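Enquirer: One structure is given below, represented as structure tokens, and several questions about it will come after.
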Amino acid sequence: MNSLANCTELRVLSISFNQLQGNVPNSVGNLSSQLLFLYLANNQLSGEFPSGIANLHKLISVALNVNKFIGVVPDWIGTLTNLQKVTLNNNFFTGAIPSSFSNMSQLEQLYIDSNQFDGNIPPILGNLQTLGSLNVSDNNLHGNIPKELFRIPTLREITLSFNNLQGPLHADIGNAKQLTYLDISSNNLSGNIPSTLGNCESLEDIEMGHNAFSGSIPTSLGNMTSLQILNMSHNNLTGPIPVSLGSLQLLKQ
């Protein structure tokens, strides 16, 4: 890594899909100030979040996924305001999700699933007005699903499954009309399914099984003409299956 500091025009560094081990040296911070893409994924790298990355202010994409990194994701990650894609999934990161992610005004994809994050999902992530995909599944998160997420105009995929999220699904879900994929399965969510969910007419796949939702299935779900998959299994729902679901011509499952 040290000798690469001489490559002052370096834009992309990818060493993914190898069998590299050990800590990422601090000299990663001496790489070209022009570096846009840093891919370290799918190795056996370990240690804490590489501190040298803090110097790479022009980064557009960083991938540390499928390694053995531990510890917290530092707050300074929010200073990398040009980032459009952050991929940290399948590691052993702990602690809270940094609220400083909200400073990345150009962020389009955030994947931090399959770690050991705890605490709440920061409502301030709702400030990410260009976010298209959010995956925080398979962690130890609890608390409510922030209604602020449903106000992101570009958000198309939300994956929050396999956590300990609680409380109701907020009626503001109806604001996410551009949403195509919603996975909130395998949590401790409860209360009635809001009828406003039917406003999300772009939804193609809804996964909300293995929760504690109660009440009836809203008839408004018949408005979601793009719906292909609807999974409400393993809840406490009662009443009839709405006749309106029969009008969903694309429904497969």
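The values are calculated or read from the model by the stated rules, or taken from the named source; none is laboratory data. Remember, predicted model here, so these are calculated numbers, not experimental data. Because the Cβ atoms are built from the backbone with ideal geometry, glycine has one as well, and the counts that use them run over all protein chains shown. Heads up: the accessible areas ignore ligands, DNA and RNA and are worked out on the full protein's heavy atoms, side chains in. Shrake-Rupley method; radii C 1.70, N 1.55, O 1.52, S 1.80 Å.
Enquirer: When only residues in segment 109-118 that are in a strand (DSSP E or B), open to solvent by 20 Å² or more (accessible area, probe 1.4 Å) and not aromatic (F, W, Y) count, which is farthest from F150 (Cα to Cα)? Full working, then the answer.
Expert: Here is the first cut: in segment 109-118, the residues in a strand (DSSP E or B) are 109-111, 116-118.
Filter once more, so that each one left must be open to solvent by 20 Å² or more (accessible area, probe 1.4 Å): 109, 111, 116, 118.
Pick out the ones that are also not aromatic (F, W, Y) and you get 109, 116, 118.
Values: Q109: 16, Q116: 24, D118: 21 Å.
Looking at residues that are in a strand (DSSP E or B), open to solvent by 20 Å² or more (accessible area, probe 1.4 Å) and not aromatic (F, W, Y), I get Q116.
Enquirer: While we're on this one: Which of the residues belonging to segment 223-240 are surrounded by 13 or more Cβ atoms within 10 Å (Cβ to Cβ) and part of a loop (DSSP other than H, G, I, E, B)? Can you show your working first?
Expert: Pass one, segment 223-240, residues surrounded by 13 or more Cβ atoms within 10 Å (Cβ to Cβ): 223-232, 234-235, 237.
Across segment 223-240, the qualifying residues are M224, T225, S226, L227, Q228, M232, H234, N235.
Enquirer: Ok, one more. Going by what's in this entry, would I217 be described as among the hydrophobic types (A, V, I, L, M, F, W, C), outside any helix (DSSP H, G or I) and in contact with a Gly (Cβ under 8 Å, 6 or more places away or on another chain)? Before the answer, list the steps.
Expert: Values: among the hydrophobic types (A, V, I, L, M, F, W, C): yes; outside any helix (DSSP H, G or I): yes; in contact with a Gly (Cβ under 8 Å, 6 or more places away or on another chain): yes.
Judged against the criteria, I217 is a match.
Enquirer: Would you pick out the residues in segment 132-145 that are within 13 Å of the chain's Cα centre (by Cα) and assigned to a loop (DSSP other than H, G, I, E, B)? Reasoning before the result, please.
Expert: Taking segment 132-145 as the starting set, the residues that turn out to be within 13 Å of the chain's Cα centre (by Cα) are 132-139, 141, 145.
Correct list: G132, V136, S137, D138, N139, I145.
Enquirer: Right, something else. Which condition breaks for I206 when tested against (1) of a type in the set (V, I, T); (2) buried (at least 23 other Cβ atoms within 10 Å of the Cβ); (3) closer than 25 Å to A96 by Cβ?
Expert: In the conditions (1) of a type in the set (V, I, T); (2) buried (at least 23 other Cβ atoms within 10 Å of the Cβ); (3) closer than 25 Å to A96 by Cβ, I206 misses (3) alone.
Enquirer: Go through segment 147-188 and give me each residue that's at positive phi and either in a strand (DSSP E or B) or touching a Leu at 6+ places or on another chain (Cβ under 6 Å) (or both).
Expert: Of segment 147-188, the ones at positive phi are 162, 167, 186.
Answer for segment 147-188, where residues must be at positive phi and either in a strand (DSSP E or B) or touching a Leu at 6+ places or on another chain (Cβ under 6 Å) (or both): just G167.
Enquirer: From the list S61, S105, exactly one residue is closer than 22 Å to I152 by Cβ, out of contact with any helix residue (DSSP H, G or I) (no Cβ under 6 Å at 6 or more places or on another chain) and open to solvent by 20 Å² or more (accessible area, probe 1.4 Å). Which is it? Lay out the reasoning, then the answer.
Expert: Details: S61 fails: open to solvent by 20 Å² or more (accessible area, probe 1.4 Å).
When all the criteria are applied, what remains is S105.
Enquirer: Give F101, F69 a once-over and let me know the one that is assigned to a helix (DSSP H, G or I), of a type in the set (F, W, Y) and either touching a residue at least 12 places away in the same chain (Cβ under 8 Å) or in contact with a Lys or Arg (Cβ under 9 Å, 6 or more places away or on another chain) (or both). Can you show your working first?
Expert: On the way: F69 fails: assigned to a helix (DSSP H, G or I).
After ruling out the rest, the residue left standing is F101.
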